[in-house]
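**Q** My questions will all concern the structure given below.
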Amino acid sequence: MKKNIKPFKFKPYLKTVLWGGERIAPFKGIDTDLHNIGESWEISGVEGHISVVAEGPDQGKSLVDLIDCYGPDLVGEKVYKHYGRKFPLLIKIIDAQRDLSVQVHPGDELAMQRHHSLGKTEMWYVIDAKPGAVIHAGLSQPLTPEIYEKRVAEKSIMDVVAHHESHAGDVYVLPAGRIHAIGAGNLLAEIQETSDITYRVYDFDRRDKDGNLRQLHTEQARDAIDYTVYDSYCTPYDRQARGLVDLVDCPYFNVKRLMVDGCINMALPQPHSFVILMCIDGAATATDFYGNVTTMRRGETVLVPALASMLALEGTATLLTIQVD
């Protein structure tokens, strides 16, 4: 008989920042005295901000505690063999009231060489975009490392960054090396490798709370940037399709959109990976193999153990399903 490991919800880590807004708390339906919340870390294995179970028999345990306790039964055989006690993904909700800095992340090899860390490939799913909101992703014209440095020094780097009008439902894949920034007015879900390595390319000459210009990482970013210009940066998919729709399939994660309207059975990829369900809109219940019922409403994120073979979902909701291939 399989072990009965119930799906997990975690306490969100709400991060206040200079560019943060006021939409995350109402989106998640939580009360807080915090303002300018720019990020809600939904599931995190990042050192110093490791997620803690919010409810149930394992309440108060950290994500690392869960992996120590349940091992591959929780995260999956393939994931456990490759990552061990380190959870491979970081799941966030981001609210940009102001433009974020222009950034790039190193790949795994460069990040390991410089920081003994994973690199950072990530993706964005736009939950809501105010009129005029923009996503900055990729380059609009070819650059060389030398021209890149010159443009940063002249503060003209934004002239060669590709800008995209933002709409709810847009999907952007940001492989390590791709220059990017979230423009003001975007509320989005971010799925990424477990890494906090960021090189700041440009920050609009903003100053921190002490009046100092924020640090740029021009030299470090130079070696990390992918200078290729691509035909398209926004990922196409069938936005009208019901059920499961593929969004992203990369070496680090697989993400699908699942629209539930009534009842639907969802097969899970056990035993090699966990599944994360991120509720973007509406509400639903998920019943697993053992009869455990988990409720999900807008703004909630649930970690489903790898042991589960199928979920029966009921309700009206838009979900993101996330796993490691």
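**Q** Please enumerate, by chain and number, the aspartates and glutamates with C-alpha under 16 Å from the C-alpha of residue 120, excluding those fewer than 8 residues away in the same chain.
**A** 47, 108, 109, 190, 193, 196, 223, 226, 249
**Q** Rolling a 1.4 angstrom probe over the protein chains, ignoring ligands and nucleic acids, what is the accessible area of residue 244 in square angstrom, nearest 10?
**A** 90
**Q** Where does the charge balance sit around residue 246 when Lys and Arg score +1, Asp and Glu -1, over other residues with C-beta under 15 Å from its C-beta? Don't skip to the answer; put the middle values down first.
**A** Details: positive: 239, 242, 256, 257; negative: 238, 249, 325.
After counting each charged neighbour, the total is +1.
**Q** Which residues' amide hydrogens lie under 5 Å from the amide hydrogen of residue 161, considering only partners 5 or more residues apart or on another chain, with H built in the peptide plane?
**A** Result for residue 161 returns 140.
**Q** Let me ask something additional. Taking the Cα centre of the chain as origin, sum charge times position over the Cβ atoms of Lys and Arg (+1) and Asp and Glu (-1), and report the length of that vector in debye to the nearest 20.
**A** Details: 34 positive and 44 negative charges, 87 e Å.
It works out to roughly 420 debye.
**Q** I've got another one for you. Counting only protein heavy atoms and using a 1.4 Å probe, what share of the accessible area of segment 243-323 belongs to carbon plus sulfur, as a whole percent?
**A** Numbers: 1480 of 2880 Å².
Carbon plus sulfur share of accessible area: 51 percent.
**Q** Then there is this: Mind checking which of 90, 45, 311 is farthest towards the positive end of the chain's charge dipole, using Cβ charges of +1 (Lys, Arg) and -1 (Asp, Glu) about the Cα centre?
**A** In the chain, that residue is 311.
**Q** Applying the Karplus parametrisation 6.51 cos²θ - 1.76 cosθ + 1.60 with θ = phi - 60° to the phi angles of segment 308-314, what ³J(HN,Hα) value in whole Hz is obtained for each residue in order, glycine and proline being reported as x?
**A** Karplus values, whole Hz, x for Gly and Pro: 5, 9, 7, 10, 9, 9, 9.
**Q** Using only the Cα atoms, what convex hull volume per residue in Å³ does segment 8-224 have?
**A** Numbers: hull volume 30.7 nm³, N = 217.
Residue-normalised Cα hull volume stands at 142 Å³.
**Q** Quick check: the distance between the Cα centres of segment 223-259 and segment 125-191, to the nearest angstrom?
**A** Their Cα centres are 15 Å away from one another.
**Q** For the chain, what is the calculated [θ] at 222 nm in deg cm²/dmol (nearest 500), taking -39500 (n - 2.57) for each run of four or more DSSP H residues and dividing by its residue count? It would help to have the intermediate numbers written out before the result.
**A** Values: 7 runs with 47 residues, N = 325.
So the helix-based figure for the chain works out to -3500 deg cm²/dmol.
**Q** Round to a whole angstrom and tell me the spacing of the C-alpha centers of segment 276-306 and segment 24-63.
**A** 16
**Q** Further question on the same structure: Which of the peptides 275-285, 67-77, 22-32 is most tightly packed, and how do the rest follow, judged by the mean count of other Cβ atoms within 10 Å per residue? Each step should come with its number before you reach the end.
**A** Values: 275-285: 20.5, 67-77: 18.7, 22-32: 15.5.
Sorting 275-285, 67-77, 22-32 by mean packing, highest first, produces 275-285, 67-77, 22-32.
**Q** Which ³J(HN,Hα) values, rounded to whole Hz and listed in residue order, are derived for segment 246-257 from phi using the Karplus coefficients 6.51, -1.76 and 1.60 in 6.51 cos²θ - 1.76 cosθ + 1.60 with θ = phi - 60°, glycine and proline given as x?
**A** Along segment 246-257, the couplings run 5, 10, 9, 9, 10, x, 9, 7, 10, 10, 10, 9 Hz.
**Q** Please list, by residue number, everything in segment 227-263 whose backbone N is under 16 Å from a paramagnetic label point 7 Å out along Cα→Cβ of residue 281.
**A** Counting backbone N atoms under 16 Å from the label point, the list is 237-245, 257-262.
**Q** Can you tell me the length gained on complete extension of the stretch residue 235 to residue 213, counting 0.36 nm per residue apart and subtracting the Cα distance?
**A** Numbers: separation 22, 0.36 × 22 = 7.92 nm, distance 3.45 nm.
Result: 4.5 nm gained on full extension.
**Q** Please list, or write none, the lysines whose alpha carbon is within less than 18 Å of the alpha carbon of residue 61, excluding same-chain residues fewer than 8 places away.
**A** By straight Cα distance, residue 61 reaches 6, 9, 11, 86.
**Q** Using only the Cα atoms of segment 116-198, build the gyration tensor, take square roots of its eigenvalues as a ≥ b ≥ c, and label the shape rounded, prolate or oblate: rounded if a/c is under 1.5, else prolate if a/b is larger than b/c, else oblate. Walk me through the numbers on the way to the answer.
**A** On the way: a/c = 2.38, a/b = 1.21, b/c = 1.97.
It is oblate, given that a/c is not under 1.5 and a/b is not larger than b/c.
The values are calculated or read from the model by the stated rules, or taken from the named source; none is laboratory data. All values derive from a computational prediction rather than experimental measurement. Don't worry about glycine lacking a Cβ; one is built from the backbone with ideal geometry, like all the others, and counts go over all protein chains shown. Heads up: the accessible areas ignore ligands, DNA and RNA and are worked out on the full protein's heavy atoms, side chains in. Shrake-Rupley method; radii C 1.70, N 1.55, O 1.52, S 1.80 Å.
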